[in-house]
Amino acid sequence: RNRATLSGHLYIGVGLGLLVSSGLVSSSAHWLEGTERWWPAVVLSIPLAWWATARLLRLDVPVRAQSDGETPPGKSPLFDRASVPLFLSYAGAGLGYILPMTFLPLLAKDQLPADHWLLDGAWFLAAVATILSPSIWNYLGAKIGDLPALRMNFVVQLAGALAAVILPGALGLAVCAALVGSTFVGTVMLTQRIGRALHPHQGPRLSAAMVSVYGFTQMAGPWLTKQWLEAGGTLTTAFGIGVVALALGAVFAFFVPLPGGAGRTDR
């Protein structure tokens, strides 16, 4: 609806989904075991998927008219000096966040006693932080500009992943859950908005390409972790892969030019 400053609120659904799934898995521990604990989430997902599909089928999105002199879609390079650093930064984000958000409960199981609240609480803490994340980064993006906000986002997210490596135990796990949970959705939101601001005529193609990059690195993260563990490494040190990826993502974010020569991408 051309109201970019409100777009971040759509991502609140991600945090709500994490919170509900966390509750379902935790509450079923008394009567289900292992992977069986995911069955309540499966059962709930079926009507939710049906409802979401029905809503999307009825959604009417008006096509924005092309202005005189505007570059037609697909007529300029998708990858250029402006977009390549953004793609590389986004790849680092995808690889960096997936390790904490996938293996945090397993790391808690390795490091904490059997009755510690963070065994289930780490995922709960990350979910609550994720709910708050869109509003925080949506506000910062509108206040200081999406690109400065993205750079700040990487620094905070990097600190979260690093905490799990240098602060083993409850403190490191809690800091990691809170900081990574409160940033990774913001990374997605801000990067997508910056990409569209850099190349407004390439909107759908650029978004699709960035989703592909993000998805590939998400799959690469667990695979790299498996190779590391089979080579004799530990899960704690495997988080170093995420730290390096986020550090590289942060570096590349500083090579992304300001869209239109200004920091605000909501104009």
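The values are calculated or read from the model by the stated rules, or taken from the named source; none is laboratory data. Keep in mind that this is a model prediction, so the values were computed, not measured. All Cβ positions, glycine included, derive from the backbone under ideal geometry; neighbour counts span all protein chains shown.
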Exercise. Does the stretch 216-233 contain at least one residue that is within 29 Å of Pro77 (Cβ to Cβ) and free of Cβ contacts under 8 Å to residues at least 24 places away in the same chain?
Worked result: yes
Seminar exercise, completed: Those residues of the stretch 45-60 which are over 25 Å from Ser22 (Cα atoms) and either touching a residue at least 60 places away in the same chain (Cβ under 8 Å) or of a type in the set (A, V, I, L, M) (or both) amount to Ala54, Leu56, Leu57, Leu59
For this session: Write out, first by first residue and then by second, each pair whose Cβ atoms fall under 7 Å of each other, whose residues are 6+ apart or on separate chains, and whose first residue, in the stretch 177-198, is more than 14 Å from Phe87 (Cα to Cα) while the second is β-branched (Val, Ile, Thr) and surrounded by fewer than 24 Cβ atoms within 10 Å (Cβ to Cβ).
Result: Leu179/Val156; Ser182/Ile136; Thr183/Val156; Val185/Val14; Gly186/Ile136
Problem set entry | Count of residues meeting criterion [at pLDDT 90 or above and buried (at least 17 other Cβ atoms within 10 Å of the Cβ)] in the stretch 139-150 | 8
Problem set entry | Criterion violated by Gly233 - all others in (1) outside any helix (DSSP H, G or I); (2) buried (at least 18 other Cβ atoms within 10 Å of the Cβ) satisfied | (2)
Exercise. Is it fair to say Val213 is buried (at least 23 other Cβ atoms within 10 Å of the Cβ) and out of contact with any Asp or Glu (no Cβ under 8 Å at 6 or more places or on another chain)?
Worked result: no
For this session: Test Leu258 against the criterion of being within 18 Å of Gly141 (Cα to Cα) and surrounded by fewer than 18 Cβ atoms within 10 Å (Cβ to Cβ), and give yes or no.
Result: yes
